[in-house]
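Q: For reference, the structure I am asking about is given below.
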Amino acid sequence: MKRALPLILMTVILSACAAQKGGHKAYLERRGIAPETSIEEFAHCRGYGCKHIDQVSLSKSQWREIDRIFRYTSKTPKAERAKIAKAIGVFETTVGDITGTHVDQYGTFIKLGTYQQDCVDESTNTTIYLDMLESKGFLKHHGVSSPAVRLPIINSGRWPHQAATIIENETSARFVVDSWFHNNGAPAEIVPLKTWKSGWKPEKN
């Protein structure tokens, strides 16, 4: 395990650096994922660094649960972010039952395996989910942007970390949408990018 850590670390660092170039469509393309995400069939990453990419389709009834979250237009960006956080959790639960990632545990080194996900898997999947929400017209106050990165020394923390992001239309403020901190199926954490860059993490962690 100790000998594998430098390789994992280097992979994450290189992946993270690539994530910052271009928009979220360009990021997905670099991951080998069609930039024009379709709500009929979409990619799903697992196994650390998108080592395994599954193609997933959701039924009308499965989509209905997500559609229900956005039944009414949010009056404020903050209210919309709360819906986005909830929707990411529903996506993870639904897709996890299809791909086997329902067993995924929070963090990166808690448990390894082909059905576990690191921050690259999590942020890529979340970016895809956000892209689909935008395609369905659910995002009225936000747009989707490429994943953000925080690095040790430069930012904060012991390890590089990556998370999906959204931009508030009215203020251009950027927020991370981070599902990595919790086991599969929990609502995502959404915080200002600047706060996240400083090393933010949920209190329980």
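Every read-out reported here was derived from the displayed coordinates using simple, explicitly stated rules and does not represent laboratory data. The structure displayed is predicted, hence computed values, not measured ones. Positions of Cβ are generated from backbone atoms using ideal geometry, with glycine treated the same way; all protein chains shown enter the neighbour counts.
Q: Please list 75-83, 39-47, 171-179 highest first by mean number of surrounding beta-carbon atoms within 10 Å per residue.
A: Packing order, densest peptide first, comes out as 171-179, 39-47, 75-83.
Q: Separate question: Too long at a 25 Å Cα-Cα cut-off: which of Lys83/Lys197; Lys140/Lys194; Lys75/Lys204; Lys111/Lys204; Lys25/Lys111?
A: Lys75/Lys204; Lys25/Lys111
Q: Give me, ordered by chain and number, the residues 5 or more places off Thr165 or on other chains with an amide H under 5 Å from its own placed amide H.
A: Ser145, Ala148, Val177
Q: Here's another thing I want to ask about it. Which value in nm describes the separation of the simple spin-label points at Ala173 and Ser198, placed 7 Å from the Cα toward the beta carbon?
A: 1.3
Q: Something else about it: Please give the contour-minus-distance gain from Thr93 to Asp54: 0.36 nm per residue of separation, less the Cα-Cα distance, rounded to one decimal in nm.
A: The Thr93-Asp54 span can extend by a further 12.5 nm.
Q: I need the fraction of alpha carbon pairs in segment 102-205 separated by more than 18 Å, rounded to a whole percent.
A: In whole percent, the share of Cα-Cα pairs in segment 102-205 beyond 18 Å is 48.
Q: Under the Karplus relation 6.51 cos²θ - 1.76 cosθ + 1.60, θ = phi - 60°, what is the ordered set of whole-Hz ³J(HN,Hα) values for segment 117-126, x standing for Gly and Pro?
A: 9, 9, 5, 5, 4, 4, 5, 5, 4, 4
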